[in-house]
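The values are calculated or read from the model by the stated rules, or taken from the named source; none is laboratory data. As the structure is a prediction and not an experimental result, all values here were calculated from the model. Using ideal geometry, Cβ is built from the backbone for each residue, glycine included, and neighbour counts are taken over all protein chains shown. Ligands, DNA and RNA are excluded from the accessible area calculation, which covers all protein heavy atoms including side chains. Shrake-Rupley method; radii C 1.70, N 1.55, O 1.52, S 1.80 Å.
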Amino acid sequence: MVSTELNHHHNGLPLGKEVGGDGLASPSSDGDAVTVCVSAEPAAREETQAMLPVAAALETRLYRWRFLVLGVFSLYSLVNAFQWIHYSILTNIFTDFYGVSNQDIDWLSMVYMLAYVPLIFPATWLLDTRGLRLTALLGSGLNCLGAWIKCASARPDLFPVTMLAQVVCSVAQVFILGLPSQVASVWFGPKEVSTACATAVLGNQLGCAIGFLLPPVLVPRSEDTHVIAHNISIMFYGTAAVSTLLFLLTIAVFKEKPLIPPSQSQAIVRGCPREEYSYKQSIINLFKNVPFVLLLITYGIMTGSFYSVSTLLNQMITTTYEGQEDIELNAGRIGLTLVIAGMIGSVICGMWLDYTKTYKQTTLIVYILSFIGMLIFTFTLNLGNIIIVFATGGVLGFFMTGYLPLGFEFAVEITYPESEGTSSGLLNASAQIFGILFTLAQGKLTTDYGPQAGNIFLCAWMFVGIILTALIKSDLRRHNVNSGITKSDIKSVPVDSPVEAAPSIQSATSL
């Protein structure tokens, strides 16, 4: 005999087999349905809580269309990441071409980080209130616009134009980086959601990889400014053409959500009336969630370190191996090795999470291994053997880049039922802030004292990240819902107006 009592709303959705017109859970026609007790209290004005019961399963279904949505998102995320890194890997060439300093070229990458911080809140608000499709169209469309503006900047006197184009691309990134966990949760089932998130992140990583590899091939060093301008134009126009194609594909393919949700957790969240949702309170709830705040800091440290290493990699390699033949090309290849290894790490980590659901353990182990990889990279960089740098860069990338989807998925688990886009957006904002600070600090240390000093600075911060990660309490709320586990309290988003008390209906049923 089981008696189940339920708050009037879980984010506005009465839980049961069917919702009646009076907003209460209606009895089911089948013999083993669980009838629920529905009640509400005035205290819901401050905060509502719901114990998720083992109720009759809501209908779920997986659609093949989900792979098209994931593929298109991954591809335009790829192009956005390519546009982020293709200046940095050609720092020496672009400084000569535009007649600017290394720091000016660094800002072409750091503007991505700088733009994200003030724009993340309006971007996540738009995602939560206007939906996934509009956000995807803005990300893909602005990415396309920025690429075309760059086509007009391939002249030595037009550095401000290329900066403007990069600002537009950085705004596009705000509507891209927070979507992997949202796309995965909305379209994919519980046994594949972490792998789908890793695949979505994979597109961005692949863009970095191509950004390390392709620009040195398309824009080789030359003493003739006209030749350089022509080669830069080829790179810019090619990027614009691909961006345009992907924008059209986004319009055609990207749907808001499947007709039937893919998981129990999505079925519950989808039933929430929009008028019951408070974006402001959702943000407050996230910052009251101590495990999430710790993850916010640790994710920022790890990902900010990755951004800093990626931005300054060309300078580290060319400074350490100055005078070697094809050093810019080798710097790009090392960056490619770092990211390709990270892509493999991301997929393996995503599949591992889907198989084991060991979110905290996996996150902590990968953090520790990233720290070890950074130490090895730091103290072998100046041995004079470029092959060793390739190997250590691959180890570093495997774990450091492989960490990215782990953070997204861990955040979704410990913050459910808050919006995946909001939690991911805040993680990315933290990463951008740390990325800017780390790039500036590491760049200064690299210039004044050499690459080793800058890398040791990052190692120290990553050690702090390990300690904070170990302190995170693992409460897998989404997994508990999908598994029918009833022990975890799920806090829904409080509403701005009081909830009127409803009569309590209590019954029990034998299982």
For the stretch 190-271, report the % of Cα-Cα distances exceeding 19 Å.
62 percent
For the peptides 235-247, 412-424, what is the packing order when you average, over each peptide's residues, the other Cβ atoms within 10 Å and list the highest mean first?
412-424, 235-247
Exactly which trypsin sites (Lys or Arg not before Pro) in the stretch 49-141 are in a DSSP loop and have at most 15 other Cβ atoms within 10 Å?
Arg61, Arg64
Mind putting together the pair-distance distribution for the stretch 70-117? All Cα pairs, 10 Å bins, whole percent per bin, short to long.
26, 43, 25, 7, 0
Viscosity 1.567 mPa s, 4 °C: Kirkwood-radius Stokes-Einstein D of the stretch 313-446 over Cα pairs, µm²/s:
80 µm²/s
Heads up, I need the accessible area for Met316: 1.4 angstrom probe, whole protein in place, Å², nearest 10.
0 Å²
Are there GluC sites (Glu not before Pro) in the stretch 286-375 that DSSP marks as loop and that have at most 16 other Cβ atoms within 10 Å, and which are they?
Glu322, Glu325
Karplus ³J(HN,Hα) for the stretch 363-379 (6.51 cos²θ - 1.76 cosθ + 1.60, θ = phi - 60°; Hz, whole; x = Gly/Pro) runs 4, 5, 4, 5, 5, 4, 5, 5, 4, 4, x, 5, 4, 4, 4, 5, 8
Could you state, as a whole-number percent, how many of the C-alpha pairs of the stretch 313-360 are farther apart than 12 Å?
68 percent
Protection proxy ranking, peptides 252-265, 330-343, average beta carbon neighbours within 10 Å, highest first
330-343, 252-265
Using the per-residue mean of other Cβ atoms lying within 10 Å as a proxy for protection, in what order, highest first, do the peptides 363-372, 174-183 fall?
174-183, 363-372
On a C-alpha basis, how far is the centre of the stretch 194-247 from the centre of the stretch 363-441 in Å? Whole number, if you could?
23 Å
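Going through the cross-link list Lys288/Lys444; Lys150/Lys280; Lys288/Lys357; Lys191/Lys280, which pairs have a Cα-Cα distance over 28 Å in this structure?
Beyond 28 Å between Cα atoms: Lys288/Lys444; Lys150/Lys280; Lys191/Lys280.
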Relative intensity, log₁₀ I(q)/I(0), of the stretch 180-320 from a Debye sum that treats every alpha carbon as a point, q = 0.12, 0.15, 0.20 Å⁻¹
-0.83, -1.09, -1.36
Along principal axes, Cα extents of the stretch 282-335, largest first, whole Å:
55, 16, 12
P(r) for the stretch 422-480, please, calculated from all Cα pair distances in 10 Å bins and given in %.
20, 36, 29, 12, 4, 0
Cα atoms only, the stretch 150-227: Rg and Dmax in Å?
17.9, 56
Space enclosed by the convex hull of the alpha-carbon atoms of the stretch 93-149, per residue, Å³:
87 Å³
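Of the heavy-atom accessible surface of the stretch 86-187 (probe 1.4 angstrom), what whole percent is carbon and sulfur?
Exposed carbon and sulfur together represent 70 percent of the surface.
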